[in-house]
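Peer 1: Below is one structure. I have some questions about it.
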Amino acid sequence: MHLPAPKNHFTSDVCISKDTPIFATSKDPIKFVGRYNSTDERENEMMTVRWRIIPFEHQIPQSEQKDIPPCVKCFSELTKLGE
């Protein structure tokens, strides 16, 4: 799978050749958009089954937010809660 990389940071696209988790944020579900803004429902269905969507419905007010160091293990446990 080739992921386009920002050209101002990298010289080439990122190529993932084995299983690895990818975390992304989006306002809406991921949809396929082809040439000339064409859509394909079969492609959208394949995207839906390949990505696990975790909706975050509420935002914590800035005054109540805590500075917590990142923990990969804890985040992976959070993603497993949806199973």
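The values are calculated or read from the model by the stated rules, or taken from the named source; none is laboratory data. Keep in mind that what you see is a predicted model, and the values were worked out from it rather than measured. All Cβ positions, glycine included, derive from the backbone under ideal geometry; neighbour counts span all protein chains shown.
Peer 1: Identify, by number, the condition in (1) closer than 21 Å to residue 81 by Cα; (2) at pLDDT 85 or above; (3) among the charged types (D, E, K, R) that residue 52 doesn't meet.
Peer 2: If we test residue 52 against (1) closer than 21 Å to residue 81 by Cα; (2) at pLDDT 85 or above; (3) among the charged types (D, E, K, R), just (2) comes out false.
Peer 1: Here's a check for you: in the range 19-49, which residue that is among the charged types (D, E, K, R) and modelled with pLDDT under 85 is farthest from residue 79 (Cα to Cα)?
Peer 2: 31
Peer 1: Which pairs have Cβ atoms under 7 Å, sit 6 or more apart or on different chains, and link a residue in the range 57-83 that is within 17 Å of residue 24 (Cα to Cα) and assigned to a helix (DSSP H, G or I) to one that is aliphatic (A, V, I, L, M) and at pLDDT 80 or above?
Peer 2: Between residues of the range 57-83 that are within 17 Å of residue 24 (Cα to Cα) and assigned to a helix (DSSP H, G or I) and residues that are aliphatic (A, V, I, L, M) and at pLDDT 80 or above, the close pairs are 79/54.
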